[in-house]
Structures are given as structure tokens and as C-alpha cells.
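Engineer: First the structure, which I've put down as C-alpha cells, then a few questions once you've had a look.
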Amino acid sequence: MDIASLILPQDFTTEQSVEKLLTMVPVRKPNKTDFFRVNPDEAYQAGPIGILEIKEEREIYLVAPNMVEVVSAHVTPAILVTVITRQNVLSLWPLKLPKSDGKDNPWHQSAREAAELAKEDWINITANMHLGCYDVRKALGALPEPEWPVQTLKELLEIAFRGFIIDSPDHAVVKQLQGLV
């Protein structure tokens, strides 16, 4: 047997016969160690939408318009933007909007500003507790443009909020907030 014929080619790890499926889309702010981009295509943002956070469980629910009034004390208006990290981790970032009285939170405002900058450049955000907002840093390297997935925003939302949509007064979270369970 010719031993040289058993040597693997340089690209032996490329798998031509499989397709990686997108089965998880986290709904969260980018991690403080991540450089990320926001998809500049408006077709990849949703809002304003209503979200409800259960902080103790680290869960974010999408609230259907017919349920906003039922849980209004707990709903936050937001815009969801599509984010990708340098590690190609895709997520949806809920950018909180000013309250109905027009008051804005500096944390939320600086997050929205960072997201806007991330449409053009690789950005990183870290909490600045002394300033009361996020510090925004731009990557210094000439990093390549992100490779966005082919899924539509509708498909991303379906994956991200599978089991996390409040659309009925019978939803377990609604019952919990009303003290029924």
C-alpha cells in the first residue's frame, strides 16, 4: 500500500455533504467581550414591539398586541435588531425605547446609539457604571464584513421566540403576574 495516498488534504475538515441548521437564536444584548455588527437592512429589524422580561429566569417574552393592555405594567417597548458576532453567533437584541411619557434611560439610549454604529463597524459595548451608560469601542483591525444568514426575520423570530410568546390570557406568565398561580 502507498502510504502517501492516505495523507489527508489540507481542507479535509470541510463537509460538503451537510448543511448547518440554525436552531437557536438567543434574544439578548451582546456580551461585553463580543465585537458585533447589526444588520443594516431594515428588513432585519422589528418594532416597535412589546417585550416582557422575567429577570430572575433570564427570559424575554414577545407580547402580542392584543395582550399588551393585559400586562401593560410589565411590558417594555423595544425594537429588535439582528446581531452577529465575530464568532458568527446570531442573536436578536431588544433595544428598549423611551417610555410613553418620553423619558429615556441613558443605558437604553447608549445601546441604541451603539447599535446604529454597529451597522457600519465592528463594535463592542461595556457597562460604565460611573457614567451610567455603555462605553462603545470600535475594532481597530480591518475585519471582514459579516456573513449574514439566509433566513428571513420572520424565520429568525419564530426560532428565537419559540415558546416565548404571550398571546393569550391563559399564558402561564400572565397567570403568574396576576397572582393566579
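Engineer: Taking the stretch 45-65 only, how many residues are more than 19 Å from P98 (Cβ to Cβ) and touching a Ser or Thr at 6+ places or on another chain (Cβ under 9 Å)?
Structural biologist: 1
Engineer: Moving to a separate point now. Give the stretch 97-148 a look and list any residue that's within 15 Å of the chain's Cα centre (by Cα) and assigned to a strand (DSSP E or B), or say none.
Structural biologist: Listed by number, the residues that qualify are I123, N124, I125.
Engineer: Next question, about the same structure. I want to confirm something. Restricting to the stretch 154-181 and keeping residues that are in contact with a strand residue (DSSP E or B) (Cβ under 6 Å, 6 or more places away or on another chain) and under 21 Å from T85 (Cβ atoms), which single residue is surrounded by the most Cβ atoms within 10 Å (Cβ to Cβ)?
Structural biologist: A160
Engineer: Can you work out which of the residues in the stretch 26-48 that are among the hydrophobic types (A, V, I, L, M, F, W, C) and touching a strand residue (DSSP E or B) at 6+ places or on another chain (Cβ under 6 Å) is farthest from K175 (Cα to Cα)?
Structural biologist: Applying the filter and picking the extreme gives F35.
Engineer: With the structure loaded, tell me whether P106 is exposed (fewer than 15 other Cβ atoms within 10 Å of the Cβ) and within 18 Å of L153 (Cβ to Cβ) or whether it fails that test.
Structural biologist: no
Engineer: Can you name every residue in the stretch 156-178 that is touching a residue at least 24 places away in the same chain (Cβ under 8 Å) and part of a helix (DSSP H, G or I)? First the steps, then the outcome.
Structural biologist: Filtering the stretch 156-178 for residues touching a residue at least 24 places away in the same chain (Cβ under 8 Å) gives 156-157, 159-161, 164-169, 171, 173-174, 177.
Within the stretch 156-178, L156, L157, I159, A160, V173, V174, L177 qualify.
Engineer: Determine whether the stretch 32-42 contains at least one residue that is outside any strand (DSSP E or B), more than 23 Å from A127 (Cβ to Cβ) and under 13 Å from the mean Cα position of the chain (by Cα).
Structural biologist: There is at least one residue in the stretch 32-42 that is outside any strand (DSSP E or B), more than 23 Å from A127 (Cβ to Cβ) and under 13 Å from the mean Cα position of the chain (by Cα).
Engineer: Return the residues of the stretch 51-96 that are in a strand (DSSP E or B), more than 18 Å from N124 (Cβ to Cβ) and in contact (Cβ under 8 Å) with a residue 60 or more places away in the chain; say none if nothing qualifies.
Structural biologist: Of everything in the stretch 51-96, those that are in a strand (DSSP E or B), more than 18 Å from N124 (Cβ to Cβ) and in contact (Cβ under 8 Å) with a residue 60 or more places away in the chain turn out to be L52, I54, E59, I60, Y61, L62, V63, L80, L92, P94.
Where a number appears in this text, it was derived from the coordinates with a stated rule and is not lab data. On a predicted model such as this, the values are computed, not experimentally measured, just so you know. Here Cβ is always computed from backbone atoms with ideal geometry, including for glycine, and neighbour counts include all displayed protein chains.
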